[in-house]
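Asks: Before I ask anything, let me first share the structure, which is written out below as structure tokens.
The values are calculated or read from the model by the stated rules, or taken from the named source; none is laboratory data. Just so it is clear, the model here is predicted, and its values are computed rather than measured. Here Cβ is always computed from backbone atoms with ideal geometry, including for glycine, and neighbour counts include all displayed protein chains. Ligands, DNA and RNA are excluded from the accessible area calculation, which covers all protein heavy atoms including side chains. Shrake-Rupley method; radii C 1.70, N 1.55, O 1.52, S 1.80 Å.
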Amino acid sequence: RIRPFGLIALAYVLLYSMLPHKEVRFLFPVLPYFNVVAATGLSRVFKMKGRKRLWLGFLSVGIIAVVLLHTYVAATVSCMNYPGGKAFEELHRMGLGAKDAKVSVHIDVFPAMTGVSRFGEDYEAWTYDKTPWDECQGEHTFDYLVTADAERPSYELVRQIDGYARFEL
């Protein structure tokens, strides 16, 4: 009775795996199906008798522990890899005394892709510009830049935030 749920979930994952643009959020709709299949399997394991139940029970608990550990490690690493957001947060911390002043901030493409968002715009008096740098050069002068480039003419590096270049095992 549970097999159709598993087949539907596997077919969905298989079809979405063929897309050129893959994101983990595309898998969220089938997670309940996988949970139902896994719960049914665990239920069957715990209805068994004898040593088979013991070994499969330990195996199940071990798999759950590995999944939880992986989730913890992956979430921790992921949280530490938003240098744009960290830089934006640090900029607001440094500018705390000038939160009511008219300050202009340019947000470059890379920081915008690595954590800078509208939700981080803490000070109403500040203006935030996400126009690509090559399109706004000469038109605007900014008080601060949040950028991946350590050197920009007429600007001084105030703080550098590092992120991971790549994660390998």
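Asks: I need the full set of residues from segment 96-130 which are in contact with a Phe, Trp or Tyr (Cβ under 7 Å, 6 or more places away or on another chain) and of a type in the set (S, T, N, Q), in order please.
Replies: The answer is Ser104, Thr114.
Asks: Right, here's the next one. Within segment 1-26, can you find the residues that are open to solvent by less than 60 Å² (accessible area, probe 1.4 Å), in contact with a helix residue (DSSP H, G or I) (Cβ under 8 Å, 6 or more places away or on another chain) and among the aliphatic types (A, V, I, L, M)?
Replies: Result: Ile2, Ala9, Val13.
Asks: Determine whether Arg1 is basic (Lys, Arg), part of a helix (DSSP H, G or I) and either within 28 Å of Gly163 (Cβ to Cβ) or more than 21 Å from the chain's Cα centre (by Cα) (or both). Explain how you work it out, then say what you get.
Replies: Values: basic (Lys, Arg): yes; part of a helix (DSSP H, G or I): no; either within 28 Å of Gly163 (Cβ to Cβ) or more than 21 Å from the chain's Cα centre (by Cα) (or both): yes.
In short, no.
Asks: Also, I was wondering about something else. Give the residues of segment 102-130 that are surrounded by fewer than 18 Cβ atoms within 10 Å (Cβ to Cβ), in contact with an Asp or Glu (Cβ under 9 Å, 6 or more places away or on another chain) and of a type in the set (Val, Ile, Thr), sorted by residue number.
Replies: Scanning segment 102-130 gives a single hit, Val103.
Asks: So for segment 27-50 (the condition being under 30 Å from Ala112 (Cβ atoms), surrounded by fewer than 11 Cβ atoms within 10 Å (Cβ to Cβ) and out of contact with any Cys (no Cβ under 6 Å at 6 or more places or on another chain)), does at least one residue qualify? Working first, answer last.
Replies: At the first step, the residues of segment 27-50 found to be under 30 Å from Ala112 (Cβ atoms) are 27-29, 31.
Right, trim to surrounded by fewer than 11 Cβ atoms within 10 Å (Cβ to Cβ) and you get 28, 31.
Applying the additional criterion that residues be out of contact with any Cys (no Cβ under 6 Å at 6 or more places or on another chain) yields 28, 31.
Yes, segment 27-50 has at least one match.
Asks: Identify all residues within segment 21-71 that are among the polar types (S, T, N, Q) and either within 19 Å of Ala9 (Cα to Cα) or not in a helix (DSSP H, G or I) (or both); write none if there are none. Let's see the steps before the verdict.
Replies: Keep residues of segment 21-71 that are among the polar types (S, T, N, Q), which gives 35, 40, 43, 60, 71.
Within segment 21-71, Asn35, Thr40 qualify.
Residue by residue, here is whether (1) touching a Ser or Thr at 6+ places or on another chain (Cβ under 6 Å); (2) of a type in the set (Phe, Trp, Tyr); (3) within 14 Å of Pro83 (Cβ to Cβ) holds:
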| position | (1), (2), (3) |
| --- | --- |
| Val105 | no, no, no |
| Pro111 | no, no, yes |
| Tyr123 | no, yes, no |
| Val146 | no, no, yes |
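Asks: Among Leu54, Leu68, Leu91, Leu59, which is the only one that is modelled with pLDDT of 85 or more, surrounded by 13 or more Cβ atoms within 10 Å (Cβ to Cβ) and out of contact with any helix residue (DSSP H, G or I) (no Cβ under 7 Å at 6 or more places or on another chain)?
Replies: Leu91
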